[in-house]
Amino acid sequence: MSNYVNFVDFKTKTIVFEQTFKNIDDILHKDAGCGSELDYVEQTSWILFLKYLDDLEKDRATAAQLSGKSYANIIDKKYQWTVWAAPKTKDGKLDHHKAMTGDDLSDFVNNKLFPYLKKFKTSAESADTIEYKIGEIFSELKNRIQSGYNLREVINRIDELRFRTHAEKHEMSHLYEDKIKNMGNAGRNGGEYYTPRPLITTIIKVVAPKIGDKIYDGACGSAGFLCEAFAYLKSKKSLTTKETEILQKRTFYGKEKKSLAYIIGIMNMILHGVEAPNIIHTNTLAENLADIQEKDRYDVVLANPPFGGKERAEVQQNFPIRTGETASLFLQHFIKILKAGGKAGIVIKNTFLSNTDNATVAIRKTLLENCNLHTVLDLPGGTFTGAGVKTVVLFFEKGKATQKVWFYQLNLNRNLGKTNPLNENDLADFVRLSETKADSDNSWSLDVQALCNASNNYDLSVKNPNKKEETALRAPQAILEEMRALDEESAEIINSILELI
């Protein structure tokens, strides 16, 4: 009976959270300062973060009281949520006499609250504290909600949410992921932010990081890989105090170039339970590979670097194999920054396996000679909503040359899309077979020494020898997806040729 009650309670919270986010989007849609889903997520995020921080402080104060210790609040009294955002009467209702609204609220937030929180970056003891991260967040963000009345409505909605129990925090982080996904589907630069979570969890299962590993994503976006790796490691066993500290402070590392993705990534990790994420706001590719030393290296790399981008000549000079293709530069970076024996799971365009331009051939050669590329997962079109390109996942270990590559071609009996996305069940067979690298209708092995060498440009094309000839006609959508992918591949080849002229 108790399990049933807990399930009903969990579902009720889910509905409440979902409805709250919908109501907030409706409010922000009316505000002149918010023009897209990206703005909705950004503005919801900073308010949500301050409410979460208030609940975190309450938890810390309670824990200190139970152990007979005193607790000093991070946030000064006048800037605490219960004072400026949601002052309450004795019966627990919003005190409308004390709660600011309209221009008074906007003036306080813009001219007092944000400057106060921004100062934490310089006053914090070190960069690995939540105080420092508060300062970073509010140095990068600004309040875009122009109407103080709309801001009051959003605050009131968020104040209804609680983040005190484990279940509440879990559901909050889950729904925040949905918000990020919607941001990714909203266009503009969104596709760089969101990787399908079922794919991320699958990559992590196959790479299988362990507590004590330093895990890195140099193109972390909304920090999906780092958040899921944290959840994976937390769920493996009951953690000791020392292991908890290792996970909190010395396990997860990320870099992100774009301001919004950087801030969303930090807040996403905090909402998932990592209090002071080691995420740096920087252009990873601006780092010269020759400057990377042993102390800079990581045990595990998990990443989906942006594909299709073009980097300037001065950035290309940081790499031994020069190319304008962003993903190819990132792959060089990841190989270099891995420790010997380190493991990686990297998403990249499937054209990387077969393109014949000099740079791609050279990078494939480097990968095969310096790393054991043991597994390639070939994903169907539509895996990345709106991306219009086919991708593969490269799984490799650094330190010894590749002898044999095991391929798995994910063949689904449906077309993937926004209303029919990839799920973990789709990938269950891949995870199961990856342990033994067995052959099946969808999997096979390639002897690299015999079949992949300089004479054929180290070609790793995905050609399933076990797949039976299809007799049924393909759906029009599948044909159009392939045509679009071929057009993009042709454009890429033409651009490569133009670069040589």
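Values quoted throughout were computed directly from the atomic coordinates according to the rules given, and no laboratory measurement underlies them. Computed from a prediction, not measured in an experiment: that's the story for all the values here. Note: ideal-geometry Cβ built from the backbone for every residue, glycine included; neighbour counts use all protein chains shown.
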Next item on the list: Give a residue-ordered list of calculated ³J(HN,Hα) values for segment 376-383 (Karplus: 6.51 cos²θ - 1.76 cosθ + 1.60, θ = phi - 60°; whole Hz; x for Gly, Pro).
Entry: 10, 9, 9, 9, x, x, x, 4
Next item on the list: First measure r as the distance between the Cβ atoms of Asn73 and Thr436, then evaluate 1/(1 + (r/R0)^6) with R0 = 60 Å and state the FRET efficiency to the nearest 0.05.
Entry: 0.65
Checklist line | Proxy reagent accessibility, fewest Cβ within 10 Å first, across Ser126, Ser222, Ser36 | finding: Ser126, Ser36, Ser222
Next item on the list: Please get the size of the charge dipole for the chain, origin at its Cα centre, with Cβ charges of +1 on Lys and Arg and -1 on Asp and Glu, quoted in debye to the nearest 20.
Entry: 1140
Check: Given Lys242/Lys343; Lys181/Lys205; Lys51/Lys295; Lys90/Lys133; Lys78/Lys142; Lys22/Lys133, which pairs have Cα atoms separated by over 30 Å?
Finding: Lys51/Lys295; Lys90/Lys133
Next item on the list: Take the alpha carbon atoms of segment 53-128, find their center, do the same for segment 333-349, and report the distance between the two centers in whole angstrom.
Entry: 42
Note to self: Using a Debye calculation, one point per C-alpha and no hydration shell, please list log10 I(q)/I(0) for the chain at q = 0.06 Å⁻¹ in order.
What the structure shows: -0.31
Margin query: Less than 13 Å Cβ to Cβ from Ala276, Lys/Arg counted +1 and Asp/Glu -1: what total charge do the surrounding residues give?
Written below: -2
Note to self: Please identify the DSSP H helices in the chain that span no less than 27 Å along the helix axis (Cα) and have a mean Kyte-Doolittle hydropathy of 0.0 or more.
What the structure shows: 476-500
Next item on the list: Restrict the search to segment 190-265; then list the trypsin sites (Lys or Arg not before Pro) that DSSP places in a loop and that have at most 15 other Cβ atoms within 10 Å of their Cβ.
Entry: Lys210, Lys237, Arg250
Notebook entry, point to check: Over the Cα atoms of segment 335-449, how large are the radius of gyration and the largest Cα-Cα distance (Dmax), in Å?
Noted result: 14.8, 43
Item checked: Cα gyration tensor shape for segment 50-182, rounded if a/c is under 1.5, else prolate or oblate -> rounded
Notebook entry, point to check: Toward the positive end of the charge dipole of the chain, about the Cα centre and with charges on Cβ (Lys, Arg +1; Asp, Glu -1), which of Cys227, Asn453, Tyr149 goes farthest?
Noted result: Cys227
Notebook entry, point to check: When we measure straight from the Cα of Lys398, which aspartates and glutamates land under 17 angstrom away, once same-chain ones fewer than 8 places off are left out?
Noted result: Asp213, Asp217, Glu294, Asp296, Asp299, Glu369
Note to self: Please report the projected area of segment 99-138's Cα convex hull averaged over all directions, in nm².
What the structure shows: 3.0
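Classify segment 241-386 from the C-alpha gyration tensor, please: rounded if a/c falls under 1.5, else prolate or oblate depending on whether a/b exceeds b/c. List each step's numbers first, then the result.
Details: a/c = 1.55, a/b = 1.47, b/c = 1.06.
The shape class here is prolate.
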Check: Where both residues lie in the chain, what percent of DSSP beta bridges are antiparallel, nearest 5?
Finding: 55
Next item on the list: Specify which residue in the list Ala359, Val376, Trp406 is farthest towards the positive end of the charge dipole of segment 330-435, using unit charges on the beta carbon of Lys, Arg (+1) and Asp, Glu (-1), about the Cα centre.
Entry: Ala359
Check: Based on Cβ point charges of +1 for Lys and Arg and -1 for Asp and Glu, what charge dipole magnitude is obtained for segment 258-320 about its Cα centre, in debye rounded to the nearest 20?
Finding: 240
